[in-house]
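What follows draws every value from the coordinates through simple rules; no lab data is involved. Just so we're clear, the structure is a prediction, and the values are computed from it rather than from any experiment. Because the Cβ atoms are built from the backbone with ideal geometry, glycine has one as well, and the counts that use them run over all protein chains shown.
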Amino acid sequence: MLMKVRNGFVSNSSSSSFVVNGVSSSMEVFRLMIPLVKEDYCDYPDGKKMWKKTHGENVKRFKKSRGKDFNEGIIIPFTCNYETFIYPVKNGECYIETCNNHPWQDVLPGHEVDSRHQHYDDDKTVFVNVTTNEFTTPKKFEDDTSEYYRKRNAEYKNDESAKSNVD
């Protein structure tokens, strides 16, 4: 397996994109990456409990429902800093966009600099979200995530406002 890496499109960026060669499917890449994501996640306070309660169950459900030969786009929404996109570009090759705060070379050995940048921000390329196990596009995923946090922030502000009115 060969991993080609390109880090940081922007100065001080934690983005990373790379191509992994010699894999049978996007699910194989996912299965290689997810233990490192779990390990890093569990380093945080209450990380083990939260992993088991939420992400662990989602990962199990995703792997079981999609099977080991699944070879379509995958979004892992809970990697460090931002989501990870895994996309099969041709037989035996997957393109990954992620955060470089994980030592991916440890689980995906061998790498070279990749000159391609294939950000899938269109509304056509389809991925499965590991958390929801539903098909989506990166644009819809981003819109849904923004809406979720907008609502959550509004609820938080309403809670804080209600608390200050009680005082």
First measure r as the distance between the Cβ atoms of Tyr44 and Asp69, then evaluate 1/(1 + (r/R0)^6) with R0 = 25 Å and state the FRET efficiency to the nearest 0.05. 0.15
Trypsin sites (Lys or Arg not before Pro) restricted to DSSP loop in the range 32-75 with at most 13 other C-beta within 10 Å: Lys68
Quick one: if you stick a label point 7 Å off each Cα along the C-beta vector at Asp144 and Lys60, how many nm between them? 2.2 nm
Calculated FRET efficiency, Gln105 and Ala154, Cβ-Cβ r, R0 45 Å, to nearest 0.05? 0.65
As straight-line cross-link partners of Lys63, the qualifying lysines (C-alpha separation under 22 Å, not fewer than 8 residues apart within one chain) are Lys38, Lys48, Lys49, Lys52, Lys53, Lys90
7 Å from Cα along Cα→Cβ at both Glu134 and Val89: what's the point-to-point distance in nm? 3.0 nm
